[in-house]
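Written below as structure tokens is the structure these notes are about.
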Amino acid sequence: MQSTSNIKNVDTNNVTYAPVRNQRLLTDDPQVKQTRKRLIGVIIVCLTLTIIGLARELFKSNYQAYKLDTNPNLYFGLTFIIILLYGFGIFVAYKYSIMGLRVYAGLNIIHLIYTVIATVVGIVMITQVKNDLNHTDGHDHDKTSTSMTSVMSFVVSAIAIGAIISVVISVFIIIFSFKLAKAIQAFNHQTPIEI
């Protein structure tokens, strides 16, 4: 047994307790809440459209008729990567992860660059085919050649409009991701951490 002389007295008179009701929560901050809601909304819209596009390709009744000389596995692989990207964005937004939001914004910057490059290459290739159709050496500039040129012009316009919409949405996602990370960081610096 120990003697009572070895036990030291602890002074508990100087301990202060902070009331819990005065602490602000991250989920109650209006700037964080609004930016998070916008970011998740844009991501969910993009994810929904991506899944609808994937389902359309999977359940297309006459898949071979629409298939050009492209590998369908490439399309499905890229679509799966995009779905994972949007899923990651929703996850880090729900977890209020500053580093995760910055990584997600960086990945979206890479996606944005890829989209712009792929669009430019696609438009250049289609325009080249259209120019080749217009400058054939034969005398077959009839209705078929004119209709193919019209279809090519429509395809180029559709690709350009789709790319512009994709770029604008990607820019919104990047802005909202960085803005939410900054708002969370500002909130963490203004709220003292209680131990």
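The values are calculated or read from the model by the stated rules, or taken from the named source; none is laboratory data. If you're wondering where the values come from, they're calculated on a predicted model, not measured in any experiment. Quick reminder, even Gly has a Cβ in these numbers, built from the backbone with ideal geometry, and neighbours come from all protein chains shown.
Would you mind finding the one in 101, 107 that is in contact (Cβ under 8 Å) with a residue 60 or more places away in the chain, assigned to a helix (DSSP H, G or I) and surrounded by 13 or more Cβ atoms within 10 Å (Cβ to Cβ)?
Working: 107 fails: in contact (Cβ under 8 Å) with a residue 60 or more places away in the chain.
When all the criteria are applied, what remains is 101.
Of all the listed residues (91, 76), the sole one being aromatic (Phe, Trp, Tyr), assigned to a helix (DSSP H, G or I) and modelled with pLDDT under 90 is 76.
Taking the criterion of being at pLDDT 90 or above, loosely packed, with under 13 Cβ neighbours inside 10 Å and closer than 19 Å to residue 84 by Cα, would at least one residue in region 23-39 satisfy it? No: zero hits.
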